[in-house]
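Peer 1: The structure is given below, and queries will be raised subsequently.
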Amino acid sequence: MVFKKNINEPIAVYRIILTVLLIEILVNFFSGLNTISLYGNTFFSLEQDPLLWAAYYTGMPQFIVQHVWVAIFLDIAILLLLCWLVVKPLNVWVARLLLLFLILFYVVVVGHHTHRNFQTGYIFVLLLFVVTSINNKQILFECLRYFLLIFYVMAAYLKITSGALFNATHMSHALAAQFAPYFTAQHLGWRTALNSYLVQHTFIAQSLLIAATIVEALAIVGFFTKKYDFLIALFLLIFHFANWFLMDIAPIGHIAFLSILFFSKQLCWIKKASN
Amino acid sequence: MHKLFLYRLLKFNKIAALLVAAFLILYAVFFYKKMDMLLFPYNNMFTQQLNQNYVVTTYMMKVNQKPIFISNDWYPKKDFSEAALTSFSKWIRNNKQDYMYQFVQQKTNDSATTATYKNKLFVDAQAAETWPQWFAEYHHFKLQKNDTILIWQYNLRMDVSPVAIMDAAIIYKKIVQ
């Protein structure tokens, strides 16, 4: 087994991934989900997440939302460091500092959000940039790639083994809860009309769940070959955007992470062992 | 064998390989014990059917009878507002106890020890009293003294068209001081 040395790293690919991450962070910040806006938020509720337990036990997230200058510093630091990293993606110390700040951002947001969503993608994708050695980067990339694949395959596995796939009304029940605030606010349109239609037409809703499970299960191909990573990533991205449209669950925080599958060929330098 | 990632990792760095193997074993154990949410930041991806009868509960905050429409916001803020308001409302309905409070109480069996975790693992009930005001201001409501903040709970019947409000009730009321 040989790791190719003195290789030209795919700087352009790094910049694309980091730019996608930057756009996701900006969408969060400009929508009002940033630590400055959370200043004074006194309510949090933790789920089954030992990372959150450990972080909140230290009191750090609570300290951040109770001190406005710390919150301002955190938000500005994240934006500046991320912009710097887009320009200089090989700067590991900037990446490491940014990783630390994004972990802080993650624990603050998720604990006060009271529900985990895709924000973890911010942390996972940045792991690729915190090591200097090309060999370590290679290993980290493959670990992250397999984690991403496992995530989707396990989602498909859970749907099959839990019986959700074979329960004709499962998807329509899931859809029923997704647009409730829109109905309460009388914020109606063609999306809520489609949601109502799918809730009442269980066969069509369940067909969509089966299609989604097939797309998730497709990720298993990635365990055997990297040739189809681009296609797998494309299908998964389509799945996520369909999810956003149909279930109002946006993959913001996950797109940059998913993009490592898109650039699998460029990020992979491993050569077979020469005899 | 040479192509297998774990084999290559073992040849490259034994400690890293052991960590990955430990992770896989731990993950398998958690999955087997149906604790799939514990280790990972992702949820169970809608494998569990959470409601049985198409009746969905949702919450809305009103300031001086004027509703706060969270659905008008961009997705990240809307999602945050919806989850936080739901969680706060359930906390109010559950006598200001959440999952972590009950978990800690169950594990410690001692109210004095439980109290040491207040505002560390679960929120301090007194401190959280200001949350409704914060939420209203987060949605650009300028609050004044004697303004009324209400949290309404709505039960919606979702399998009919149009969607019907089966009942509605005020679960929280606060007069701004």
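The values are calculated or read from the model by the stated rules, or taken from the named source; none is laboratory data. On a predicted model such as this, the values are computed, not experimentally measured, just so you know. Here the Cβ positions follow ideal geometry from the backbone for every residue, glycine too, while neighbour counts run over all protein chains shown.
Peer 1: Just to be sure I understand, how many residues within segment B:98-118 are in contact with a Phe, Trp or Tyr (Cβ under 7 Å, 6 or more places away or on another chain) and assigned to a helix (DSSP H, G or I)? Give the steps one after another, and end with the answer.
Peer 2: In the first step, residues of segment B:98-118 are kept if they are in contact with a Phe, Trp or Tyr (Cβ under 7 Å, 6 or more places away or on another chain); the result is B:98, B:100-101, B:104.
Adding the requirement that they be assigned to a helix (DSSP H, G or I) leaves B:100-101, B:104.
Residues that pass the stated criteria total 3.
Peer 1: What residue, of B:V163, B:V104, is facing another protein chain (nearest Cβ under 9 Å), more than 15 Å from the chain's Cα centre (by Cα) and either at pLDDT below 95 or surrounded by fewer than 18 Cβ atoms within 10 Å (Cβ to Cβ) (or both)? Break it down stepwise before answering.
Peer 2: Values: B:V104 fails: facing another protein chain (nearest Cβ under 9 Å).
Exactly one residue qualifies, and that residue is B:V163.
Peer 1: Also: Between A:T114, A:T58, A:T42, which is within 14 Å of another protein chain (Cβ to nearest Cβ), more than 25 Å from A:R145 (Cα to Cα) and touching a residue at least 40 places away in the same chain (Cβ under 8 Å)? Outline the logic, then answer.
Peer 2: Working: A:T58 fails: touching a residue at least 40 places away in the same chain (Cβ under 8 Å); A:T42 fails: touching a residue at least 40 places away in the same chain (Cβ under 8 Å).
Among A:T114, A:T58, A:T42, only A:T114 is within 14 Å of another protein chain (Cβ to nearest Cβ), more than 25 Å from A:R145 (Cα to Cα) and touching a residue at least 40 places away in the same chain (Cβ under 8 Å).
Peer 1: Examine segment A:48-61 for a residue that is more than 25 Å from B:F30 (Cβ to Cβ), surrounded by 20 or more Cβ atoms within 10 Å (Cβ to Cβ) and modelled with pLDDT of 90 or more, and state whether such a residue exists.
Peer 2: First pass over segment A:48-61, keeping only residues more than 25 Å from B:F30 (Cβ to Cβ): A:59-60.
Still in the running and surrounded by 20 or more Cβ atoms within 10 Å (Cβ to Cβ): none.
Within segment A:48-61 (the criterion being more than 25 Å from B:F30 (Cβ to Cβ), surrounded by 20 or more Cβ atoms within 10 Å (Cβ to Cβ) and modelled with pLDDT of 90 or more), the answer is no, since none of the residues qualifies.
Peer 1: Do you know which of the residues in segment A:233-260 that are in contact (Cβ under 8 Å) with a residue 60 or more places away in the chain, assigned to a helix (DSSP H, G or I) and aliphatic (A, V, I, L, M) is nearest to A:F118 (Cα to Cα)?
Peer 2: A:I255
Peer 1: Sticking with this one: Take the conditions more than 11 Å from every other protein chain (Cβ to nearest Cβ), under 14 Å from the mean Cα position of the chain (by Cα) and farther than 21 Å from B:S161 by Cα and apply them to A:L231. Does it pass? Explain how you work it out, then say what you get.
Peer 2: On the way: more than 11 Å from every other protein chain (Cβ to nearest Cβ): yes; under 14 Å from the mean Cα position of the chain (by Cα): no; farther than 21 Å from B:S161 by Cα: yes.
Against the criterion (more than 11 Å from every other protein chain (Cβ to nearest Cβ), under 14 Å from the mean Cα position of the chain (by Cα) and farther than 21 Å from B:S161 by Cα), A:L231 does not qualify.
Peer 1: When both residues are 6+ apart or on different chains and their Cβ atoms are under 8 Å apart, which pairs have a first residue that lies in segment A:261-275 and is away from chain B (no Cβ under 14 Å), and a second that is modelled with pLDDT of 90 or more and in a loop (DSSP other than H, G, I, E, B)?
Peer 2: A:K265/A:K226
Peer 1: Considering only segment B:119-135, state which residues are more than 7 Å from chain A (Cβ to nearest Cβ), touching a strand residue (DSSP E or B) at 6+ places or on another chain (Cβ under 8 Å) and either surrounded by 17 or more Cβ atoms within 10 Å (Cβ to Cβ) or part of a loop (DSSP other than H, G, I, E, B) (or both). If you could, list the steps in order and put the result at the bottom.
Peer 2: Taking segment B:119-135 as the starting set, the residues that turn out to be more than 7 Å from chain A (Cβ to nearest Cβ) are B:122, B:124-126, B:129, B:132-133, B:135.
Then drop every residue that is not touching a strand residue (DSSP E or B) at 6+ places or on another chain (Cβ under 8 Å), which leaves B:122, B:124, B:129, B:132-133, B:135.
The answer is B:F122, B:D124, B:P132, B:Q133, B:F135.
Peer 1: So which residues in segment A:170-199 are of a type in the set (A, V, I, L, M, F, W, C), part of a loop (DSSP other than H, G, I, E, B) and within 7 Å of chain B (Cβ to nearest Cβ)?
Peer 2: Kept after step one, since they are of a type in the set (A, V, I, L, M, F, W, C), are these residues of segment A:170-199: A:171, A:174-177, A:179-180, A:183, A:185, A:188, A:190, A:193-194, A:198-199.
Then drop every residue that is not part of a loop (DSSP other than H, G, I, E, B), which leaves A:177, A:179, A:185, A:188.
A:A177, A:A185 - these are the residues of segment A:170-199 that are of a type in the set (A, V, I, L, M, F, W, C), part of a loop (DSSP other than H, G, I, E, B) and within 7 Å of chain B (Cβ to nearest Cβ).
Peer 1: Please go through segment A:223-253 and pick out each residue that is polar (S, T, N, Q) and under 17 Å from A:V27 (Cβ atoms). Break it down into steps so the answer makes sense when it comes.
Peer 2: Just the residues of segment A:223-253 that are polar (S, T, N, Q), to begin with: A:225, A:243.
The one that is polar (S, T, N, Q) and under 17 Å from A:V27 (Cβ atoms): A:N243.
Peer 1: Kindly list, by first and then second residue, each pair from a residue in segment A:141-155 that is of a type in the set (V, I, T) to a residue that is modelled with pLDDT of 90 or more and in a helix (DSSP H, G or I), limited to pairs with Cβ atoms under 6 Å and residues at least 6 apart or on different chains.
Peer 2: Short answer, once both residue conditions are applied: A:V153/A:A219; A:V153/A:I220.
Peer 1: When you look at A:I76, is it part of a helix (DSSP H, G or I) and surrounded by fewer than 21 Cβ atoms within 10 Å (Cβ to Cβ), yes or no? Walk me through how you get there before you give the answer.
Peer 2: Values: part of a helix (DSSP H, G or I): yes; surrounded by fewer than 21 Cβ atoms within 10 Å (Cβ to Cβ): yes.
For A:I76, the condition - part of a helix (DSSP H, G or I) and surrounded by fewer than 21 Cβ atoms within 10 Å (Cβ to Cβ) - is met.
Peer 1: Same structure, new question: If we scan segment A:31-38, do we find a residue that is of a type outside the set (K, R), in a helix (DSSP H, G or I), within 10 Å of another protein chain (Cβ to nearest Cβ) and buried (at least 16 other Cβ atoms within 10 Å of the Cβ)?
Peer 2: Filtering segment A:31-38 down to residues of a type outside the set (K, R) leaves A:31-38.
Now restrict to residues that are in a helix (DSSP H, G or I): A:31.
Next, from what is left, pick out any that are within 10 Å of another protein chain (Cβ to nearest Cβ): A:31.
With the extra rule that they be buried (at least 16 other Cβ atoms within 10 Å of the Cβ), the set shrinks to A:31.
Yes, segment A:31-38 has at least one match.
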